[in-house]
Amino acid sequence: MKTIAVLGSTGSIGTNTLDVVRRNRHLYEVYSLVAGHNIEALTSQILEFRPKFAAVATPAGLSKLTQTLSASGLPKSDWPELATGSAAYVSAATASSVDTVISAIVGVEGLEATYEAVCLGKRVGLANKEVLVSGGSLVMEAVRRHHAELLPVDSEHNGAHQCLRAGNREQVSKLILTASGGPFRNTPVRDLGTVTPAQALNHPTWKMGNRITIDCATLMNKGFEVIEACWLFDFAPSQVEVVVHPQSTVHAMIEYTDGSVLAQICATDMRMPIQYALTYPERAEAPVPKIDWALARQWEFLPPDFVKFPLLKLAYQCQEAGGSATCTLNAADEIAVEAFLQGRIGYLAIAEVVEETLARIPSRTPRSVGDILDVDRESRASARERVTARAAGTVTV
Ligand SMILES: NC(=O)c1ccc[n+]([C@@H]2O[C@H](COP(=O)([O-])OP(=O)(O)OC[C@H]3O[C@@H](n4cnc5c(N)ncnc54)[C@H](OP(=O)(O)O)[C@@H]3O)[C@@H](O)[C@H]2O)c1
């Protein structure tokens with residue numbers, strides 16, 4: 001029996017994780033659930049999975065949770081311990097009975113709890129890519145020092161992890177990450193200035209949270225994945241290639257030095273990589289559609305357009321530069337995406353805000369989670385200022 005902490009339980013990855021648990025009650029129990037603001041969903045999860053501990057983002061959310069649990073009729077003696085804020089997320093992830101943490105909070109809010117779980121040598125199923133994009137050096141150093149198991153849940157990295165099991169790491173020449181290309185793959189650059197949030201949220205193959213969906217439309221998400229892959233598998237950015245594959249069925253490929261390429265292929269269903277992170281090194285039946293090889297199909301592979309999608313190029317440059325540049329990249333992108341979703345800036349301004357912020361925040365070497373969160377705060381403030389300047393029409397680069 002494995003005891004699990006689910007950070008970000010109400011999100012797309014979190015609910016898929018709980019579905020895996022639901023189907024395998026004899027194998028997994030939930031110790032803790034961490035959510036942001038969706039109190040209704042968290043209440044139902046508490047009633048179904050009966051965790052010992054639950055945390056939410058704000059005191060207002062906590063008092064709402066207390067009300068909804070009272071209204072549910074669950075006897076108080078069966079309630080989980082309730083808490084709020086980042087210290088509570090750390091408690092949720094580091095409790096001694098937890099052996100596996102699924103890290104699926106969106107954004108840098110998930111960093112500290114994930115880092116502390118790593119420092120205790122726990123197994124971490126990592127969906128939250130911002131953890132490595134913002135704090136890759138610190139987190140990977142802690143993984144090595146504490147012999148933690150960091151298993152990628154992101155489908156491309158999970159695919160790479162599987163392909164890497166087939167050979168020696170020293171005989172790998174490169175990693176190829178596939179990208180769906182997003183909803184604007186065939187949109188001419190001249191039309192991108194007027195695309196709406198609704199169009200950008202219309203992802204062709206995956207159903208995910210809003211931030212990651214917009215990041216897929218700009219290919220920022222693929223840039224984050226390049227950074228994440230460099231940290232997870234110890235690659236230089238030049239060894240990680242991105243290939244557009246609109247069908248999203250081949251998730252990653254590993255090229256070995258003899259020219260042989262191994263691919264990981266699976267239907268687009270996150271329960272597969274989530275379950276892999278729970279069962280590794282074993283495999284188990286998963287509720288994922290199998291590919292019907294009796295049907296004719298075509299898979300395309302195309303080079304990415306770095307001019308149309310400048311954030312992908314920027315990700316390579318930030319990882320090459322090292323230091324805190326990738327932390328700033330993530331923070332600025334989050335603010336720009338939020339402003340785009342609110343209708344405050346246009347689609348093309350997302351990349352402009354990110355570039356302008358990177359030019360204003362000097363890179364440094366973060367030595368602690370606190371240092372990373374400082375860079376994150378500073379970068380957000382600068383990005384907000386760039387958004388305001390754009391919204392007011394007074395942009396100076
Ligand atoms: N979805 C995918 O297929 C996929 C694939 C690969 C990687 N990822 C990565 O996995 C992470 C989660 O993605 P997602 O698609 O599941 O996102 P999502 O659907 O937006 O869910 C985000 C989760 O984080 C919680 N959250 C947000 N702010 C929080 C805060 N301040 N404190 C505590 N919890 C907070 C949300 O809680 P509330 O909803 O209660 O506010 C929700 O549970 C992201 O880093 C994403 O890049 C996702």
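Throughout, read-outs are computed from the coordinates displayed, never taken from laboratory work. Predicted model, so just to flag it, every value in this text is computed and none were measured. Positions of Cβ are backbone-derived with ideal geometry, glycine not excepted, and every protein chain shown enters the neighbour counts.
DSSP finds beta bridges in the chain, and of those with both partners inside it, around 25 percent are antiparallel. 3J(HN,Hα) couplings calculated from phi for region 126-132 with the Karplus curve 6.51 cos²θ - 1.76 cosθ + 1.60 (θ = phi - 60°) are, in sequence order, 9, 9, 5, 6, 5, 4, 7 Hz; Gly and Pro show x. Couplings 3J(HN,Hα) for region 85-102, derived from phi with the Karplus relation 6.51 cos²θ - 1.76 cosθ + 1.60 (θ = phi - 60°), are x, 5, 5, 5, 5, 5, 4, 4, 8, 10, 3, 5, 6, 7, 9, 10, 10, 9 Hz, where x marks Gly and Pro.
Before rounding to the nearest 500, sum -39500 (n - 2.57) across all DSSP H runs of length at least 4 in the chain and divide by the residue total; then give [θ] at 222 nm in deg cm²/dmol.
The helix contribution divided over the chain gives -14500 deg cm²/dmol.
Across the options THR328, ALA389, CYS318, the greatest Cα extent toward the positive end of the charge dipole of region 317-393 (unit charges at beta carbon of Lys, Arg, Asp, Glu) belongs to ALA389.
Histogrammed with a bin width of 5 Å, the alpha carbon distances of region 324-384 distribute as 4, 23, 31, 21, 12, 6, 3, 0 percent, first bin at zero. Pairwise Cα distances in region 38-145 exceed 22 Å in 35 percent of cases. Backbone phi angles across region 148-159, fed through the Karplus curve with coefficients 6.51, -1.76 and 1.60 (θ = phi - 60°), yield HN-Hα couplings of 7, 10, 9, 10, x, 9, 3, 4, 5, 6, 5, x Hz in residue order; Gly and Pro are listed as x.
Once you reduce region 305-356 and region 268-303 to the center of their Cα atoms, the two points are 30 Å from each other.
Computed on the Cα atoms alone, the convex hull of the chain gives a volume of 148 cubic angstrom per residue.
Taking the Cα of GLN317, stepping 7 Å toward and past its beta carbon, and measuring to each backbone N in region 335-355: which are under 13 Å? Residues 351-355 fall inside that zone.
Computed about the Cα centre, the dipole magnitude for the chain is approximately 500 debye when only Lys and Arg (+1) and Asp and Glu (-1) carry charge, each at its Cβ. Once divided by 2.2 N^0.38 Å, the Cα radius of gyration of region 113-194 becomes 1.44. Along its principal axes, region 227-297 has C-alpha extents of 35, 33, 23 angstrom, given from the largest down. In this structure, PHE306 and GLU40 have a Cβ-Cβ separation that, at R0 = 35 Å, corresponds to a calculated FRET efficiency of about 0.25. Relative to the current alpha-carbon distance between ASP191 and SER97, full extension at 0.36 nm per residue lengthens the span by 28.5 nm. Take every Cα pair under 8 Å whose residues are at least 6 apart in sequence, average their separation, divide by the length of the chain, and the relative contact order is 14 percent. Placing +1 on the Cβ of each Lys and Arg and -1 on the Cβ of each Asp and Glu in region 1-140, which of LEU74, ALA41, VAL108 has its Cα farthest towards the positive end of the resulting dipole? The listed residue farthest towards the positive side: LEU74. Normalised by the number of residues in region 1-80, what is the relative contact order in percent for Cα pairs under 8 Å and 6+ residues apart? Computed over region 1-80, the figure is 27 percent.
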